[in-house]
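To start, the structure under review is shown below, and the notes come after it.
The values are calculated or read from the model by the stated rules, or taken from the named source; none is laboratory data. On a predicted model such as this, the values are computed, not experimentally measured, just so you know. Counting neighbours? That spans all protein chains shown, and the Cβs are built from the backbone with ideal geometry, glycine included.
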Amino acid sequence: MKDYPILKNKFFLYLTEFFAGVSVMAVELGASRLLAPYFSSSQIVWTIIIGTIMIAMALGNLYGGRAADKNPDPAPLYRRILVAAIWIAAIPVLGRYVILGVSGLLIFTVSTNFLVVAAFVSCMVIFVFPLFLLGTVTPCLVKAVTESLDEGGRTVGRLGACNTVGSILGTFLPTFVTIPTVGTSVTFLIFAGILLAIALAFFLSACRGLRAAIIALVLFILCAIFGRSDAFAFWEDDLRYEGESVYNYLQVQEDEKSVVLSTNVLFGVQSVMMKNGEMTGMYYDYALAAPVICGAEAPEILILGNGTGTYAAACLRYFPGASVEGVEIDGRITELARQYFALPEEVKVTEYDGRAFLQATEKRYDVILVDAYQDITIPFQMSSVEFFTMVREHLKSGGVMAVNMNMHSDGEGSINEALCDTIASVFPQLATADVAGNTNRELFACCDGEIAVRLREGTERLESGPLRTMMRTVAARLTPVEGGENILSDDRAPVELLGMRAIDALIADELEWIRGVYEDVGLRGLIEMYL
């Protein structure tokens, strides 16, 4: 240590351990936000991220321990930190291209579990190496700090405490400060810069390794210049808005006819507003059957998962006198709804979790629409028998619940079977209608009267026009549902696994089509189709 004045009182070593802990957790949370727009932020994707990082850290610990025993000089450790800093800084520049490159290659090699495999390979390529390097920090610092076996336990305890406190800070800062305010890309740059500063301080104090330090600083500056964009869909040139909230990646596109919100780069759209006020033909229009089935003259409507308010606005347009209330956990989506989607001011939107809202209110409604999706999966707490029982208790006599199921997924063990069985255990009357032209399915449930009969009678009372035409379409596609034994509960609701299985089947069909086009027109022809 005598060759390194900065290490004389060991404070710098503990500081290194602290910021290594900060950076590992920040990178882990940044990884979830980098992958989410492409693969979702489901529990499955989180499992992949955590598992991959644990593999990298374990291997780093093993290598770091052996390296420290062979050479206790801390200089190699700070060189590894330098490399890790530059790698992490390069993620905003190259990460999204790696993800799309990996996905493109796997299109031709993977037939099942595409999302899982693509997310895992992308995570391995992007994050394993820098976290492997950071995994070497603790064993090397133990070797550098420990002067005798008598104080070994105390030293390891202090280092562990520094790492843990750093990890706590690295957990809260990205989630509540950096990602919401400056985005994922800048978050990676901030924590890469901290690691770089630690390494530079070491080499500058030692007056050695300065050439490598200068090269690293230049590379970091270049990454900071070219990596500050939050454009996950970098190939799009007609975006009105692209950004992030605490909960979602958000993208607003606009053309001559419509405005569209997406919370995932690769999987469809969440909300559509037609500029001419016409119906979209999507599930929001099918869900208008719920107030018709209900039959109330001035229905009170609650929307759990209000989104941009497409359904709320349609209810006000087609049911004069209706009162509409929305619940949306992501306040940024509500801001975008007011700014880009003409969400009516009379629609009160509460920024809250849908189930928590029901627990906090005693008000009852004529219609409750459940449209709460986190990316492409259903929050488990809003898919259980306990939740649907709570919905039933908040419906008036004759009230109707509508549930958007965004995947045509049928058969034994499917997510739709589980949802239907669960809802049927709460509501005696159940029917579904598949939305023409996409993968959505709308479910209607009530406690009084047959749904098909109530819809037919309600439709006949409507004046001629687009709503009546749409209701006849819904009635023609309506299918009664009988429940089964596959009931989801708060204790057991594997919706992420079931949902991913359904999505994988849809992707498999799409990949089969892409492979067919590739065989017919080749790679150049396939590229030209998407450009």
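Observations
- Among (1) within 25 Å of the chain's Cα centre (by Cα); (2) under 17 Å from Ala290 (Cβ atoms); (3) outside any loop (DSSP other than H, G, I, E, B) - the single one Arg332 does not satisfy: (2)
- Residue satisfying all of: in the range 385-407; crowded, with 22+ Cβ neighbours inside 10 Å and polar (S, T, N, Q); modelled with the lowest pLDDT among these: Asn406
- Just so you know, in the range 10-19 the residues that are over 17 Å from Phe203 (Cβ atoms) and of a type in the set (A, V, I, L, M, F, W, C) include one that is modelled with the highest pLDDT, and it is Phe18.
- Filtered residues of the range 323-355 (kept if basic (Lys, Arg) and within 22 Å of Ser262 (Cβ to Cβ)): Arg332, Arg338
- Within the range 408-450, tally of residues that are acidic (Asp, Glu) and either part of a helix (DSSP H, G or I) or modelled with pLDDT of 95 or more (or both): 2
- Taken over the range 121-134, the criterion of being of a type outside the set (A, V, I, L, M) and crowded, with 20+ Cβ neighbours inside 10 Å is satisfied by Ser122, Cys123, Phe127, Pro130, Phe132.
- Some residue of the range 461-473 being more than 24 Å from Gly277 (Cβ to Cβ), in the same structural domain as Ile293 (by TED's automatic domain parsing) and at pLDDT below 95: no
- Residue selected from the range 335-364 under the condition assigned to a helix (DSSP H, G or I) and not hydrophobic (A, V, I, L, M, F, W, C), by the criterion surrounded by the fewest Cβ atoms within 10 Å (Cβ to Cβ): Gln359
- Residues in the range 179-202 that are buried (at least 19 other Cβ atoms within 10 Å of the Cβ), farther than 12 Å from Pro92 by Cβ and at pLDDT below 90: Ile179 alone.
- Selection status of Val435, surrounded by 19 or more Cβ atoms within 10 Å (Cβ to Cβ) and closer than 24 Å to Ala314 by Cα: yes
- Any hit, the range 224-235, residues being surrounded by 14 or more Cβ atoms within 10 Å (Cβ to Cβ), at negative phi and at pLDDT 85 or above: yes
- Wholly within the range 249-301, strands (runs of 3 or more DSSP E) carrying at least 2 residues that are over 23 Å from Gly465 (Cβ atoms): 249-254, 258-262
- Residue, modelled with the lowest pLDDT, within the range 367-381, restricted to residues that are assigned to a loop (DSSP other than H, G, I, E, B) and either not assigned by TED's automatic domain parsing to the domain that holds Gly398 or not charged (D, E, K, R) (or both): Ile376
- Per-region count, the range 166-178, residues surrounded by 14 or more Cβ atoms within 10 Å (Cβ to Cβ) and more than 19 Å from the chain's Cα centre (by Cα): 4
- One residue from Tyr63, Tyr97 being in a helix (DSSP H, G or I), surrounded by fewer than 21 Cβ atoms within 10 Å (Cβ to Cβ) and within 21 Å of the chain's Cα centre (by Cα): Tyr97
- Flag for Ala322 being of a type in the set (Gly, Ala, Ser), in contact (Cβ under 8 Å) with a residue 12 or more places away in the chain and within 16 Å of Asn404 (Cβ to Cβ): no
- Test: Ala31 is assigned by TED's automatic domain parsing to the domain that holds Ile198, in contact with a Leu (Cβ under 6 Å, 6 or more places away or on another chain), in a helix (DSSP H, G or I) and in contact (Cβ under 8 Å) with a residue 40 or more places away in the chain: no
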